[in-house]
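Below is one structure, written out as structure tokens; the observations come after it.
Any read-out appearing in this document is the output of simple, stated calculations on the displayed coordinates, not a laboratory observation. Worth saying up front: this structure is predicted, and the values here are computed from it rather than measured. Every residue, glycine as well, gets a Cβ built from its backbone with ideal geometry; the counts of neighbours run over all protein chains shown.
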């Protein structure tokens, strides 16, 4: 597979980063050298990363190879989804409208808010005591 031509996309979500390569193929999905259904056992994570491929109708004629690191499982699934969408855009710029309509090209910028001094968490204040 290394000698074949591929299209590349980088996806990010929270602190996770996914480097995605898509090849012409039979619909195989490999994440960190494991089949995707082993790496992402939860059905919701698997369906999330397949969404861009299904939206453009290329689920069964592209192989996807992913290297993902950082973050947790759900953040990594979101990063892979973003990376697949960007790689599809590199493959065919005409897919932009369909990918944009599904919201796959927008990077989800939500991340954990930092803890502030004097507070227990980012926003939770200590309980007020009158005496």
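The set of residues in the range 1-19 that are closer than 13 Å to residue 68 by Cα and assigned to a loop (DSSP other than H, G, I, E, B) comprises 14, 15. Considering the range 60-76, the residues that are within 16 Å of residue 24 (Cα to Cα) and surrounded by 15 or more Cβ atoms within 10 Å (Cβ to Cβ) include one that is nearest to the chain's Cα centre (by Cα), namely 66. Of the listed requirements (1) under 16 Å from the mean Cα position of the chain (by Cα); (2) under 19 Å from residue 4 (Cβ atoms), residue 27 misses just one: (1). Residue 88 meets the conditions (1) over 21 Å from residue 31 (Cβ atoms); (2) surrounded by 13 or more Cβ atoms within 10 Å (Cβ to Cβ) in every case but one. The failed one is (1).
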